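J.: If you scroll down you'll find the structure; I have some questions about it.
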Amino acid sequence: MIEALFNQPNYLAAKKALDAVALRHEAIASNIANVETPGYRRIDLSASFKAELERACATGDARQIASLKPALAPDPTAVALSRDGNTVNLEKEMVEMNRNSLLHSVETQLVSAALAKLKFAISGKS
């Protein structure tokens, strides 16, 4: 019975999005840490993940949503701004970190709201 509550497509989609946001934060942190590493290639969340999540959500199939795994990949659009071949732009990474932090906040609120509904259903108190 309790498993069915955690296998709802909306809850799973929010959880997968939260997983992706957390993984993207790791990528941004790695990019910033390697801003001066010669030859370092910027990494980001795989571009296909967002499309895969949207497709899975459109079907409403909980198993398909649950099977998705966000992954990191080199950013094919990043270009080297210096002769050392490093493709990290510090200013862009800082903007992306702020944006990602906002997304994390939103996704955390969505997951928390789902859990609060469950708590209310169990206890009858908010």
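The values are calculated or read from the model by the stated rules, or taken from the named source; none is laboratory data. The structure displayed is predicted, hence computed values, not measured ones. Each accessible area value is taken on the protein alone, full model and side chains, heavy atoms only, with ligands, DNA and RNA left out. Shrake-Rupley method; radii C 1.70, N 1.55, O 1.52, S 1.80 Å.
J.: Using the alpha-carbon atoms, what tilt in degrees (0 to 90, nearest 10) does helix 9-33 show relative to the longest principal axis of the chain?
T.: 20
J.: Same structure, new question: Structure shown: which of LYS50/LYS92; LYS69/LYS92; LYS16/LYS92; LYS16/LYS119; LYS15/LYS69; LYS16/LYS117 lie over 23 Å apart, alpha-carbon to alpha-carbon?
T.: Numbers: LYS50/LYS92 20 Å; LYS69/LYS92 25 Å; LYS16/LYS92 25 Å; LYS16/LYS119 21 Å; LYS15/LYS69 11 Å; LYS16/LYS117 19 Å.
From LYS50/LYS92; LYS69/LYS92; LYS16/LYS92; LYS16/LYS119; LYS15/LYS69; LYS16/LYS117, over 23 Å: LYS69/LYS92; LYS16/LYS92.
J.: Another question, if that's okay. I'd like the distance between the alpha-carbon centres of the stretch 1-48 and the stretch 80-126, rounded to an integer number of Å.
T.: After rounding, the separation between the Cα centres reads 9 Å.
J.: When only the heavy atoms of the protein chains count and the probe is 1.4 Å, how do GLU52, GLU93, GLU3 rank by accessible area, highest first?
T.: The ranking, largest first, comes out as GLU3, GLU52, GLU93.
J.: Right, something else. Any chance you could look up the accessible area of THR77 with a 1.4 Å probe, heavy atoms only, rounded to 10 Å²?
T.: 110
J.: Related question: Just reorder ARG41, ARG24 by solvent-accessible area, largest first, 1.4 Å probe, all chains present.
T.: Sorted descending by solvent-accessible area, the residues read ARG41, ARG24.
J.: Determine how large the accessible area of THR87 is when every protein chain is in place; take a 1.4 Å probe and give Å² rounded to the nearest 10.
T.: Surface open to solvent at THR87 totals about 10 Å².
J.: Separate question: Enter the angle in degrees (range 0 to 90, nearest 10) between the Cα long axis of helix 90-123 and the first principal axis of the Cα atoms of the chain, meaning the one along which they spread out most.
T.: Between helix and principal axis, roughly 10 degrees.
J.: Quick check of the Kirkwood formula: for the stretch 22-80, what is the inverse mean of 1/r over all pairs of different Cα atoms, in Å? Mind showing how you got there, number by number?
T.: Values: mean 1/r = 0.0776 Å⁻¹.
Computed over Cα pairs of the stretch 22-80, the Kirkwood hydrodynamic radius comes out at 12.9 Å.
J.: Still on this structure, please answer the following. How large is Rg/Rh for the chain, to two decimals, with Cα atoms and a Kirkwood Rh?
T.: Rg/Rh for the chain comes to 1.10.
J.: Name the long-range amide H neighbours of ASP44: under 5 Å, sequence gap of 5 or more, or other chain; modelled H, no Pro or chain starts.
T.: Residues meeting the criterion, in which the H sits 1.01 Å from N, are ALA73, ASP75.
J.: What's the extension gain from GLU3 to VAL79 if we count 0.36 nm per residue and subtract their Cα-Cα distance?
T.: 22.8 nm
J.: In the P(r) worked out for the stretch 10-49, what percent of Cα pairs fall beyond 15 Å?
T.: Roughly 48 percent, once rounded to a whole number.
J.: Can you pull the percent of the chain's accessible area that's carbon plus sulfur, 1.4 Å probe, other chains left in place?
T.: So the carbon and sulfur contribution to the accessible surface is 60 percent.
J.: Sticking with this structure for a sec: If you stretched the chain out fully between THR37 and ARG63, how much longer would it get, using 0.36 nm times the residue separation minus the C-alpha to C-alpha distance?
T.: Full extension of this stretch gives 5.3 nm more.
J.: Using only the alpha-carbon atoms, how far is helix 47-59 inclined from the longest principal axis of the chain? Give it as 0 to 90 degrees, nearest 10.
T.: Its long axis makes an angle of about 20 degrees.
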